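For reference, the structure is listed below as structure tokens.
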Amino acid sequence: MDRCIVLVDAGYLLGAAASLLAGEPSRSRITVDHTALIQGLRERAEADTERPLLRIYWFDGAPDRVPQPEHRRLRVMPRVTVRLGALTRSDGRWAQKGVDAAMHAELTELARNRACSDVVLVTGDGDLLPGMMAAKEHGVAVHLWAVQAADGDYNQSEDLVAEADERRVLDRVWITKAVRAKELGGTCAPPPVPRPEIAAILSAPLPDSALGTADRATGEPESPPAGRNGDEERVPAASKGVPTPKDLAAMRGPGAHVVQHPATATLRWSSDKGWVDRPGGAAESPDAAAMPTLAQLTTAEQRWADREEDITTVGGDPYEVGQVFARRWMSRLTDQSHLQKLSGMYPRVPHRVDGELLRYAARFGLLAHKDDQIDEHDRYAIRAGFWREIDVRTAAEHAPAGE
């Protein structure tokens, strides 16, 4: 078959890129535009081999082989197949397991079945040498690509380099089209700018007039213990005055009973419009408690279709996840009055719906390794996406006819 296939060892490609751009092989030191990276690999492969691309195989590791958000974004791209090995932690370092074996098996199988005439390998591991030799014996031309080494030396196995039919180096100019170093000592590229809705939440300060209100209202110490319930509230330590719902949840009296706060207490919620004051009260309103969950509104057939859509089209971006959940919830409501009641609760998502929303987001790998909690910034993004869809729907329903 006169076509080419690209096999990418993501650990090598991104680790070497991090070494080149950030000075160390940690992938956390770089940001990657995966769309641009895949497009660059495709164009370079077709130009070097003079063959049309059949497919790009992306080999990477993941904890328990659970696809992470970047893997979900990649696998819904055209002509991209993701293969995952295990990612294990030993002596404080993460290590891939099974990735080399998977690449070896894929390479030999493609060559044996004559699926392509040219294979591009983006790797440096000498364990692939037997697979490379087997592919050549089946008449496949093997192109070996390296990432420019930070120290100007080789970052590939010498035996692998010697056995390849063609060799290329992806230099700094090519790498920086899709990979950027995170800020380090003021010399690297700035981090990506968050969506305006999320940036507003994270940057909104508490007004000075709010200082001291909480202590007088509750009689609690200035800095109550922080809970671990993952709520969206974020109060700067230096400005903590008005209690957030998270603060109130952490305040307990004797016998682990929750302290009852006066109904006149002011609670402060963070939102895409800044900080919003809402009346207090420990319990949710009857309308919030009666709000139907997505699971209650979903049939078995819809559940199957949802799962297929999650696998094939939803990339896993936190903001997108919130939008998808909100669209499904709104489209299946039988009583549209619930939508109007929900809009009046802004920016607080009812606990039942919010818990289901975060559990749904967890399916996409949006869990930090520490304590299995969704990253705070991701929680803001998930809820911002949810409210964005609610706002679009309610605004459309209230728009004058003809607009």
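Read the figures in this text as sums done on the coordinates, not as results from a lab. Quick caveat: nothing in here was measured; it's all calculated off a predicted structure. Ideal geometry is used to build each Cβ from the backbone, glycine not excepted, and the neighbour counts take in all protein chains shown.
For Leu54, what charge total do you get from the other residues with a beta carbon under 9 Å from its beta carbon, if Lys and Arg give +1 and Asp and Glu give -1?
That sum, taken over residues with Cβ under 9 Å, equals +4.
Roughly how many nanometres apart are two label points built 7 Å out from the Cα toward the Cβ at Glu308 and Thr394?
3.4
What is the spin-label model distance, in nm, from Gln340 to Asp64 if the labels are put 7 Å beyond Cα along the C-beta direction?
For the pair Gln340/Asp64, the computed spacing is 4.3 nm.
Extension gain Ala115-Ser26, at 0.36 nm per residue separation less the Cα-Cα distance, in nm?
28.6 nm
Take every DSSP beta bridge with both residues inside the stretch 4-181 and express the antiparallel ones as a percent of the total, to the nearest 5.
Counting only bridges with both partners in the stretch 4-181, antiparallel ones make up about 20 percent.
Can you give the local net charge around Arg79? Use residues other than it whose beta-carbon is closer than 10 angstrom to its beta-carbon, Lys and Arg +1, Asp and Glu -1.
Surrounding charge for Arg79 is +2.
Can you check what the net charge comes to around Asp125, using other residues whose Cβ is under 10 Å from the Cβ of Asp125 (Lys, Arg +1; Asp, Glu -1)?
-3
Ranking Trp94, Trp387, Trp174 by Cβ neighbours within 10 Å, fewest first, what do you get?
Trp94, Trp174, Trp387
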